[in-house]
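The values are calculated or read from the model by the stated rules, or taken from the named source; none is laboratory data. From a predicted model like this one, the values you see are computed outputs, not experimental measurements. Cβ coordinates were reconstructed from backbone atoms using ideal geometry, including for glycine residues, and neighbour counts include every protein chain displayed. Areas reflect the complete protein model, heavy atoms only, side chains present, ligands, DNA and RNA absent. Shrake-Rupley method; radii C 1.70, N 1.55, O 1.52, S 1.80 Å.
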Amino acid sequence: MLGALMLAAFTFNTAENLPVGLLELISENLSVSVSAVGLLLTGYGVTVAVASLPLAHLTRAAPRRHVLTGVLTALVASSLMAASATSYGLLLAARLLTALAQALFWAVMGPVAVGLFAPGVRGRVVGALSVAGSLALVLGVPAGTWLGQQSDWQVPVAVLAALGLLSLVTIAVLLPTSRPDEEHAAYGTRPDTRRFRTVLAAGTLSATGAFTGYTYLATFLVDVSGFSRSTVSALFVAFGVGCLAGVTITGALLDRHPQSALTAAVVTQAAGMLGLYAAGTDPVAALVFLVLTGGAVGPVFMTTQNEMLRCAPGRTDMALAANSGSYNAGIAAGAALGGLILALTDVRTTFLAGGLLTACAYAVLLGGRSLPGRRA
């Protein structure tokens, strides 16, 4: 069962980020600008941000098996719709349907997964799910980028429909039907309203910073670092390997040092993005800071999700929905801000802005630690 949830996390993360590697292919095929294709990420993030809490509230009494099969059905249908899109509007509509499914998926998947295991290993379960999500960057996006370059950009999107169908069938058959408030992980282990708000704010700022630059990473690597277009897929693999290493290491420490793990991830992300801005014109330095940034982006979301399972002031599915919504609001804001910077200056400046925003997230965490906690 955990394997099916991990496959679903991998598929959703790949679907969300795949346009980053296919920016120029989609742009040429649909005759729209690169920045317009970047807005596919913005629209996706806005939809998840707006829909996460309302959808979680509407389905709060529904058995998790029914909810998960529903969102995976939507993932399969929207992926097939996107793969057959012949216009930008149709592709955008398909992306928004996928985003609606993901908005609910991240809210219910966490409590279901950790509820299958003892409370003492929750961090490792969250880590396993995050490893699956990170594989989207190591395997999913690079493989999808390569496959799109060898054929058409629609082909890797169609593959996602097949992966979603496999997860759907497995979960529909194996997951027991139970009420959500009866699950072992339905409520936080250490409810703290102030910590909850601090983590939400820091996660949003970190996501905004990350996607201000990451959305236009392919353009940065070619125009600033001087890599050839044929090497972009391999560089995305390097980014994903860094992400996978980061979530693997962080997941092993998450049960013992949950708060320090979040702070370390935010600091690492800031260092990586500012390093890309400062030294990204050198290919070797660009590769080093690229891997460093990748090693933080995955752990930031993973550690905020884990904190929701600890400090949620109410039901954990609502806290996770709030976290996913705020994080995706940051993704949308970052993609939009990066597009604005790209139009006004150059792609290098997107990483300066992203690094500074991530530094602000660190300041929020420091400020939150200086205040006493407030139990819910």
Original post:
With labels modelled as points extended 7 Å from the Cα through the Cβ direction, what inter-label distance (nm, one decimal) is found for ALA285 paired with SER260?
Top reply: 3.1
Subject >> Equivalent ellipsoid dimensions for the range 149-229 as semi-axes, Å, which come from the Cα gyration tensor, largest first >> reply: 37, 29, 7
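Could you rank the peptides 199-210, 121-132 by their average count of other C-beta atoms within 10 Å per residue, with the highest value first?
Top to bottom by mean Cβ count within 10 Å: 199-210, 121-132.
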**OP:** Have a look at ALA336, ALA278, ALA118 and tell me which one the Gaussian network model of the chain (Cα, springs below 10 Å) gives the largest fluctuation.
**Re:** ALA118
Original post:
From the backbone phi of the range 21-29, what are the Karplus-calculated ³J(HN,Hα) couplings (6.51 cos²θ - 1.76 cosθ + 1.60, θ = phi - 60°) in whole Hz, Gly and Pro given as x?
Top reply: x, 10, 3, 6, 5, 5, 4, 5, 5
Original post:
How many angstrom separate the Cα center of the range 10-81 from the Cα center of the range 137-176?
Top reply: 13
Original post:
Excluding ligands, DNA and RNA, what is the solvent-accessible area per residue of the chain at a probe of 1.4 Å, expressed in Å²?
Top reply: 36
Original post:
Tell me, what is a quarter of the convex hull surface for the C-alpha atoms of the chain, in nm² with one decimal?
Top reply: 16.0
**OP:** Provide Rg and Dmax in Å for the range 58-116, with only Cα atoms included in the calculation.
**Re:** 13.3, 43
**OP:** Within the set of other residues whose C-beta is less than 13 Å from the C-beta of LEU23, count the net charge using Lys and Arg as +1 and Asp and Glu as -1.
**Re:** -2
**OP:** Report the FRET efficiency, 1/(1 + (r/R0)^6), for ARG369 and ALA61, where r is their Cβ-Cβ distance and R0 is 30 Å, rounded to 0.05.
**Re:** 0.25
**OP:** Before anything else, pin down the relative contact order of the range 1-121: Cα pairs under 8 Å, at least 6 apart, normalised by residue count, whole percent.
**Re:** 31
Original post:
Do the sum for the chain: with -39,500 (n - 2.57) for every DSSP H run of n ≥ 4, divided by all residues, what is the mean residue ellipticity at 222 nm, to the nearest 500 deg cm²/dmol?
Top reply: -27500 deg cm²/dmol
Subject >> Separation of the LEU174 and ALA186 label points, Cα + 7 Å toward Cβ, nm >> reply: 2.5
**OP:** Could you work out the relative contact order of the chain, using alpha carbon pairs under 8 angstrom and six or more residues apart, expressed as a whole percent?
**Re:** 28
Original post:
LEU139 versus ALA278, label points 7 Å from Cα toward the beta carbon: distance in nm?
Top reply: 3.6
Subject >> Percent accessible area from carbon and sulfur atoms, the chain, protein chains only, probe 1.4 Å >> reply: 68
